[in-house]
Every structure is written in structure tokens, then in C-alpha cells.
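Read the structure below first, then the notes.
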Amino acid sequence: MSELAELKKKIPTQVAVLGGGSWATALVKILSENNVKIKWWIRRKSDVEFIRKYNHNPSYLTDVAINPRKVKTYSKMVDALAGAEYIILAVPAAFIPSTLKDLNKKHFEGKKVVSAIKGMIPDENLLVTDWMERAFNLPLGQTCVIAGPCHAEEVALEKQSYLTIASPDLSLAQSFSNLLNSRFLQAHAIQDLYGVEYCAVIKNIIAMACGITRGLGFGDNFQAVLVSNAMQEIKIFLDVVYPEKNRDLNSSGYLGDLLVTAYSQFSRNRTFGNMIGRGYSVKSAQIEMNMIAEGYYAVRSIYSISRQHNIKLPIIEAVYNIVYEKANPMLEMNKLKGFLK
């Protein structure tokens, strides 16, 4: 290897992380394990100042130590973006348009954009990558998405975890995977960007369904049937909306992500659904959680897309009816029984 190549290898990769929540904090921790310099934008200036002083996020994953040699925090987004090779989006999908409203396509020129968001842009029924392409002329070949069964809380505890990085440009997905691989996390690259992104969106809706049934008093037997039928619904949806002959829905980026979100105590979508099943209104559940359940917004988008394509998705329809049409959860789930097998 030449001296120039050796020098380039030692230069840290510059990464901007946008978002101050638990998943953004977990990604900062993961990236800090490698030769990366992180410019972390957080909306609340008080949190930025707290992290600078105490090296901990005061609002999320408060036990995670932030390495001040590798991480610099910013309250001005343009400062965080300056010089970054990668930009990681880690804010709820519903807030993406307002968060990025002061930016233009020049801010993304020559940069790789990574979506760590498992949701859709409400009212527009767009995946985050599609919205970025439309809003900033960002080619899909410059984007990738993070998926897989990986809760932020377990990353904080350094539990062994796995991620799937998807991009139409496999070399981009592989390069970003290398930035994430560490002693407690393994990442692998695939090209099925839309399949992974849609699956990540739908699994949050399924987790809400699982939570609702738990809140209603259904047991493990019913949840197992619900999740296995949900995998069939995901396949039906993807085969119509974005078919891909080499897609393996049994891999961790698809099935694994669904399972951990459907069953884990850390799943906010499952928690949100559980509260609905126990009688909370949507608004009261949102207030008490004080976190965004992406599935709440996503179910309206997926329901709308399925109607456009004449796709029958009984679980999706049941969740939509409960959270948007104010259908009785027990009556809706009893009706769903007839569609499950």
C-alpha cells in the first residue's frame, strides 16, 4: 500500500448525524467505535450544551457516554453538514419536511445520505428516500437505509446486534457497513433498498397490532399466528408495489426486524398498541409515551397505498380502523380472526 493510501486510511470519515433521540444516540455510540468524526445536530440547544459539558444525552439513553474526541454537537444544522461525507437522518419521518425546510440541494451535493428512519412522510405516502429524491434531487444511488433487529436500548448495553444496510449501489452499502461494524455490532450490505424500507415501515404497524392484542388479553398463541400472517401480508404488499425476485424475506433485515419489533419490551410501537388495547385514546397514549410511534403515521400511508393497488391486507386494515376510524379494538380483532390462518 502506498504512503498516500496509508494516509487516507488514517483520516477519519466525517459523518453528520441529524436527530437527538434514542436511535440517533445509539448510532453516535456505534460510529464512535471506529475511525469516524461525528458532527451531531440536535434541535434543542440546551441538550447540545449539556452534551458538551457532561458527555451524555440528557433526554435519551442517558447512560451512554459520548466520546468528546470523536463527537462534536451542533445546534445549527448547516454547521453539522459542512465537510460531512455521510449524512444520517435520524428524526421521525413526520418531522423530516420541517427539519430540512431550510436546506436545498446544494447541501447534499457530493454527500451520501443514510436514512435511519423506519417511517413514511405523512399525507404524501412517500418513503423517506423517495421524498429526499423529490425534495433535493438526490439520486437513489447516493442513498442507503439502515434496517435490521437492533433496538437502541440494547446498543446502549452493548448487546450483540445486527444491521442491514441497503442501497441500489452495493459499494455504498458496503462502505457504510464498514463504518458500523464493531465488537458488538455486525452490519451487512444488500441492494433491496425499497424492500427493506417498506418492510421496516410495515413491521411497526404489525408491532402496534401485537401490542393491541396484548392489551386486550390475547396470548402468545394468537400473537404467533398474527406475526406469521403479517409476514405474508408484507410479501403480498411488496410483490405488488416493488417486486424483486432475489429478495429473501426470511433474512434478518426483514423477518428479524419484524420479530424484534413485535415481541420486544423496547418496541415503542408495541407499547403504543398495548396502551390502545387497554383503553387509551390515541392522543392520551401519545402524550404518556412522549416518543413517536412511527406505526401510527405509517398505517395511514400503507392503508392508502394498498387501496390504490387493490391489495387486501386484513391486519393493516384492522389497525387503521382502530387508530383512525375509532373502531372498537376488541370487535376489530375478533373480526380479524376470520382472516388469519
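Expressed as a rounded percentage, what relative contact order does segment 201-339 have, with Cα pairs under 8 Å and six or more residues apart?
Details: 165 pairs, mean separation 50.6, N = 139.
RCO, segment 201-339: 36 percent.
Taking 0.36 nm per residue of sequence separation and subtracting the Cα-Cα distance, how much length would be gained by fully extending the chain between R307 and H107, in nm to one decimal? Walk me through the numbers before you get to the answer.
Values: separation 200, 0.36 × 200 = 72.00 nm, distance 3.63 nm.
Stretched out fully, the R307 to H107 stretch lengthens by 68.4 nm.
Figure the gain on full extension for Q265 and H56 (residue separation times 0.36 nm, minus the Cα-Cα span) and round it to one decimal in nm.
Numbers: separation 209, 0.36 × 209 = 75.24 nm, distance 2.36 nm.
Extra length available between Q265 and H56 comes to 72.9 nm.
Please report, in Å, the Rg and the Dmax of segment 3-191, where both are computed over Cα atoms only.
Using the Cα atoms of segment 3-191, the pair Rg, Dmax is 15.7, 53 Å.
Hey, can you rank 199-210, 297-308 by average C-beta count inside 10 Å, highest first? It would help to have the intermediate numbers written out before the result.
Working: 199-210: 29.1, 297-308: 19.9.
For the peptides 199-210, 297-308, the packing ranking is 199-210, 297-308.
Given R₀ = 41 Å, what would the calculated FRET efficiency be for S98 paired with V225, taking r from the Cβ atoms and rounding to 0.05?
Values: r = 40 Å, r/R0 = 0.97.
With a Förster radius of 41 Å, E is 0.55.
Hey, can you list the DSSP H helices of the chain whose Cα span along the axis is 27 Å or longer and whose average Kyte-Doolittle score is at least 0.0? List each step's numbers first, then the result.
On the way: long enough: 193-216 (35 Å, 1.10); 220-241 (31 Å, 0.70).
Qualifying helices, which must be both long enough and hydrophobic enough, are 193-216, 220-241.
Send over the Kirkwood Rh of the chain, from the inverse of the averaged 1/r over different Cα pairs, rounded to one decimal Å. Kindly include the intermediate steps, with their values, before the conclusion.
Working: mean 1/r = 0.0488 Å⁻¹.
Every distinct Cα pair counted, the radius reaches 20.5 Å.
Run the dipole for segment 3-191 about the Cα centre, Lys and Arg Cβ at +1, Asp and Glu Cβ at -1, nothing else charged, and hand back the magnitude in debye, nearest 20. If you can, show how the numbers build up before the last one.
Values: 24 positive and 18 negative charges, 132 e Å.
It works out to roughly 640 debye.
What is the antiparallel percent of DSSP beta bridges lying wholly in the chain, to the nearest 5? Before the final figure, lay out the partial values.
On the way: 6 of 33 bridges.
DSSP beta bridges in the chain are roughly 20 percent antiparallel.
Between Y324 and R69, what FRET efficiency follows from the Cβ-Cβ distance if R0 is 45 Å, with the result rounded to 0.05? Don't skip to the end; give the middle numbers.
Values: r = 47 Å, r/R0 = 1.05.
Computed FRET efficiency for Y324 and R69: 0.40.
Return the calculated 222 nm mean residue ellipticity for the chain, to the nearest 500 deg cm²/dmol, obtained by summing -39500 (n - 2.57) across DSSP H runs with n ≥ 4 and dividing by the residue count. Can you show the working numbers first?
Values: 16 runs with 168 residues, N = 341.
Rounded to the nearest 500, the figure is -14500 deg cm²/dmol.
Please name whichever of V48, L226, T164 sits farthest to the positive end of the charge dipole of the chain, dipole taken about the Cα centre and charges placed at Cβ: Lys and Arg +1, Asp and Glu -1.
Positive-end residue among those listed: V48.
Magnitude of the Cβ-charge dipole of segment 240-336, K/R +1 and D/E -1, about the Cα centre, nearest 20 debye? Each step should come with its number before you reach the end.
Numbers: 11 positive and 8 negative charges, 37 e Å.
I would put it at about 180 debye.
Could you work out the relative contact order of the chain, using alpha carbon pairs under 8 angstrom and six or more residues apart, expressed as a whole percent? Before the final figure, lay out each step's value.
Details: 623 pairs, mean separation 50.3, N = 341.
Once normalised by length, the contact order is 15 percent.
Given charges of +1 on the Cβ of Lys and Arg and -1 on the Cβ of Asp and Glu, with all other atoms neutral, how large is the dipole of the chain about its Cα centre, in debye to the nearest 20? List each step's numbers first, then the result.
Details: 40 positive and 31 negative charges, 130 e Å.
Value, rounded to 20: 620 debye.
Each reported figure results from applying straightforward, stated rules to the coordinates on display, with no laboratory input. A quick note: this is a predicted structure, and the numbers were derived from the prediction, not measured. Backbone-built Cβ (ideal geometry, glycine too); neighbour counts: all protein chains shown.
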